[in-house]
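Heads up: the structure comes next, in C-alpha cells.
Only the coordinates and a few stated rules stand behind these numbers; no lab work does. For clarity, every value in this text was computed on a predicted model and none was experimentally measured. Quick reminder, even Gly has a Cβ in these numbers, built from the backbone with ideal geometry, and neighbours come from all protein chains shown.
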Amino acid sequence: MGCVEDLGYEVLKSGVSFKESRAFIEEQCEEVFYVDPGFRIFEKCLIGVPPIAIGLKGPVVMLPYTKPCYGTFILRVESTEEADMIRAKGRRKP
Amino acid sequence: MAFPGQPAWRSGQAADCRLAILRSLPGPWLCETSMNENDHTGPLLILGCPEVPVQQALALYCAYRFGEQGKELRIAGNTAVLQLLRVSDPGKMYAKKMMDLDRCIEDLSGKKLEPSVCLVFAHSDAGITYATTIRYLTEGRLVSVIFGKMAEDLGAQLDIPCEKIVEKAVHNPGQLRRKLDEVMGWAASKT
C-alpha cells in the first residue's frame, strides 16, 4: 500500500459538493461502502461528511478527496489491497 | 558550553536556570501554557481557503485574544493561507505556531494534538466538510465560524454538535468579531 499520490489516480470529477460526490459514487459503483470522517485510506485521513461513500469495482477504489480551495474531487485509484481493506472495515449501509 | 566566568544562565546548558529567572520577573508575558512548544492541548484554529478577506484578519485577531490569555494559538492551513499570515505578521507577534493542514489532520487523528478548544473557519462546502471531520477527530470544544456570501446556506448544512457563528461577512470582519467576542468570552475586554 502507498500514498494515493504514489499510486497514481484519475480525477473523475472535480469541484463537486460533498452531497454530489456521494450521489456520484453510489450511482457509479457496483459495491458501495460507508465510513466515517478520519477513516484511513491510502495512508491519509479521509475528510468528509458522514456517511462517506467509497465505491469499489473489483480492485478499483472510487473515493472523495477534499482540498480547502478546490472543493471535493472524486478519485479513481486501483489497489487490490485497499479495496479489500474497505470490504473488511466499511459498512454496507450508511 | 559554559566559558569560565560565564553565568550559568548564558551557557545554554542551564535552561531551567534561565526559566527560573524569567519566571521571577513580573508580567503576564511568560506562562506555562504559552511557552510550552509541546503543548498538544492548546487552542487550535483551522483555516479554509484564503479567498475571503475577513478570514485573515480574524485569524490574527483570535491569536491576539488567546495571547492575552497566555495561550498560543496553533493555526493550521494550506500553504497559501500560512504564507499570507507569515507576510502579515513577520515578527510572529500573533501567529506564533503554524502548521500544515494535512499534517494537523494526521496529528488530530493520531491524538498527537488534542485541543481543548478548536475554531474552524468555513466559507465553502469544503470548509463544512473539514469542520465535520474535525468534530469526528476531536472531543474538545468546537466553534465553527461560517462566513462569506453563502454563510446561511452553509450554516444550515453543518449538522454536528458544535457552537456555530454564522455571518454573511466577506470584507468587513466587524460583525464576526463581535460574535466571536461573545461566544469566546472576549467581550468583556477592550481591544
- Residue mean of other protein chain beta carbons inside 10 Å, A:46-55: 4
- Task: Note down the nm distance, to one decimal, between modelled labels 7 Å out along Cα→Cβ at B:R178 and at A:Y70.
- Result: 3.9
- Each residue of the stretch B:159-168 in turn: what ³J(HN,Hα) in whole Hz from Karplus with 6.51, -1.76, 1.60 and θ = phi - 60°, glycine and Pro shown as x? 10, 9, x, 6, 8, 10, 10, 10, 7, 6
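Sorted from fewest to most neighbouring beta carbons within 10 Å, what does the list A:V61, A:V32 look like?
Working: A:V61 27, A:V32 22.
Ascending number of Cβ neighbours within 10 Å: A:V32, A:V61.
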- Item | Ascending count of other beta-carbon atoms within 10 Å, so fewest first, for A:F73, A:F42 | A:F73, A:F42
- Note on the structure: Per residue of A:59-72, other chain Cβ atoms within 10 Å number on average 4
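Given an 8 Å cut-off on Cα distances and at least 6 residues of separation, report the relative contact order of chain A as a percent. Mind showing how you got there, number by number?
On the way: 187 pairs, mean separation 33.1, N = 94.
Relative contact order here is 35 percent.
Grab the alpha carbons of the stretch B:87-191, take their convex hull, and tell me the volume per residue in Å³.
Details: hull volume 13.2 nm³, N = 105.
That works out to 126 Å³ per residue.
For the stretch A:4-89, what is the per residue volume of the convex hull drawn over the alpha-carbon atoms, in cubic angstrom? Show your work: numbers first, answer last.
On the way: hull volume 7.1 nm³, N = 86.
Dividing the Cα hull volume of the stretch A:4-89 by its residues yields 82 Å³.
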- Item | Label point 7 Å beyond Cα of A:E10 along Cβ direction - residues of the stretch A:59-94 with amide nitrogen under 15 Å | A:59-63, A:74-79
- What is the order of B:S116, A:S17, A:S79, fewest Cβ neighbours within 10 Å to most? B:S116, A:S17, A:S79
- Message: Please list, in order along the stretch A:75-80, the HN-Hα scalar couplings obtained from phi with the Karplus expression 6.51 cos²θ - 1.76 cosθ + 1.60 (θ = phi - 60°), rounded to whole Hz, x for Gly and Pro.
- Response: 9, 10, 10, 9, 7, 4
